[in-house]
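Structure record follows, encoded as structure tokens.
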């Protein structure tokens, strides 16, 4: 749907890449390789985004690194659009809110890195999660978002570490590497 509204495929890829996970950063050549686009087409869009205030560029050694500007007035709305594009809103609505005692849900894997992918990796942390019911909910959500959802469930009492990159999409941030959760 967004590709109908935003004609430039490079612009759309950049919007989704930066607004899906505001913690991620990237440089020109890396983005060009990731998108399989010319550096010139990526540079043009990065310059437009930087001029508009959507992203900020800074020097890191001899490279210019770009990161989303979270203070941009429409940051929240653009991030919601990116979430809807990937179906994250449906995962929260169809899966997480119906599971019961869920403390936190993280998006991990390629999508958390801001890459377009057909597999959505989700890590759920909670107590007494019914895996059979979860499988039913995941199947319904997959049909709605037309993507495969891969889940990993941890009990809050377990010793675990959620892989990087990770993006909290529901609940409260959990401190990893401590004995108290």
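The sole residue among 81, 119 that is within 30 Å of residue 50 (Cβ to Cβ) and touching a helix residue (DSSP H, G or I) at 6+ places or on another chain (Cβ under 9 Å) is 81. The set of residues from region 148-181 being modelled with pLDDT of 90 or more and loosely packed, with under 12 Cβ neighbours inside 10 Å comprises just one member, 161.
Candidates are the residues of region 29-63 that are in a strand (DSSP E or B) and surrounded by 15 or more Cβ atoms within 10 Å (Cβ to Cβ); the one that is farthest from the chain's Cα centre (by Cα) is 57. Counting only strands (runs of 3 or more DSSP E) that sit wholly inside region 86-181, not one has at least 1 residues that are under 27 Å from residue 9 (Cα atoms) and free of Cβ contacts under 8 Å to residues at least 12 places away in the same chain.
Would you call residue 26 under 17 Å from the mean Cα position of the chain (by Cα) and in a strand (DSSP E or B)? Yes; evaluated as a whole, the condition is true for this residue.
The values are calculated or read from the model by the stated rules, or taken from the named source; none is laboratory data. The shown structure was predicted, so the numbers you read here are calculated from the model rather than taken from an experiment. Neighbour counts are summed over all protein chains in view; Cβ atoms, including those assigned to glycine, are modelled from backbone coordinates with ideal geometry.
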